[in-house]
Amino acid sequence: MASTSRPLPFADEGAARPVAWRWAVALLAVAAGFTALLLGEATLGMLPAVLLFVGVPLVGLYVLTEGRLGLVLPRPTGRDIAVGLGFGLLNLLAVPLLGLGVTQLIPTAPNPVGDLLSGLTPGAVPGFFALTGLQLVGEELVTVIPFLAVMALMRRLGLPRGAAVAIGTIAAALAFAAMHFPTYQWHILQAVVLIGGARLILLGAYLTTRNLWASVIAHVFNDWTLFGVLLLVANAGG
């Protein structure tokens, strides 16, 4: 796909880069938001937990960009939407192949979302989709901030732009996979390959468009499609 004219924040020579305390606030916001999500229903209730998971990193991004959220979240264009859907479809095709390879090599844990979906009443389904859609916005926020941090650090250390972007992308994918270790019962290799692999594809939508909304669209399209298939299977089996 053709490149976009939007800049990649903090990547270019001479670009203004946030001072250390802004990075610290943004990264602490990622940690705080993820902690709120982990506490979840047991202490907060899922809706408050998800709202904090989205809201706290968003505040961190606001601090990081000095209020210029449009650097990362500009208004999406038709191209952004198309790219997001394309990467979502790519993820739907690629991750099952990765999963097939992983299951042939190591013991794996099932994703608990299947059991969760099979237990939903019809009236609870719209709320589930709405809540997960909101959570996926948070997942993109807690990915892009570490990506930008590592990429900017590599640039400050003198690495070429391409190398800095590649290292930032890999670091963000590994961090995102680590967030899913509990979900996959600490099957670390499974989470790194499947979740990390998916994260690389989804982050590709952001790198192609320089708009995080494209990654959100890709992620929502991917997950909602899978949820829909699982619901159909559960209903057919019931």
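Pull out the extension gain between E13 and L47, defined as 0.36 nm times the separation in residues minus the alpha carbon to alpha carbon distance; nm, one decimal.
Full extension of this stretch gives 8.1 nm more.
Report the full-extension gain for the segment L131 to A32: residue separation times 0.36 nm, less the Cα-Cα distance, to one decimal in nm.
Result: 33.7 nm gained on full extension.
At 7 Å along the Cα-to-beta-carbon direction for both Q104 and R22, put a label point, then send me their distance in nm to one decimal.
For Q104 paired with R22, the spin-label model returns 4.8 nm.
Could you work out [θ]222 nm for the chain from helices alone, using -39500 (n - 2.57) per DSSP H run of at least four and dividing by all its residues? Round to the nearest 500 deg cm²/dmol.
After summing the helix terms and dividing by residue count, I get -24500 deg cm²/dmol.
Report the net charge of residues surrounding I145, where surrounding means a beta-carbon distance below 13 angstrom and charges are Lys +1, Arg +1, Asp -1, Glu -1. All intermediate terms of the calculation are to be shown ahead of the outcome.
Numbers: positive: R22; negative: E139, E140.
Here the count lands on -1.
What FRET efficiency, computed as 1/(1 + (r/R0)^6) with R0 = 25 Å and r the Cβ-Cβ distance, is obtained for T121 and T183, rounded to the nearest 0.05?
0.60
Using alpha-carbon positions, what is the distance between the centroids of segment 86-115 and segment 163-192, in Å?
Here the two parts' Cα centres lie 14 Å apart.
Take the alpha-carbon positions of segment 132-238, form their convex hull, and give its projected area averaged over all directions (one quarter of the hull surface) in nm².
On the way: hull surface 30.1 nm².
Result: a mean projected hull area of 7.5 nm².
Bear in mind that the values in this text are calculations on the coordinates, not laboratory data. In this text, all values refer to a predicted model and were calculated from it rather than measured experimentally. Using ideal geometry, Cβ is built from the backbone for each residue, glycine included, and neighbour counts are taken over all protein chains shown.
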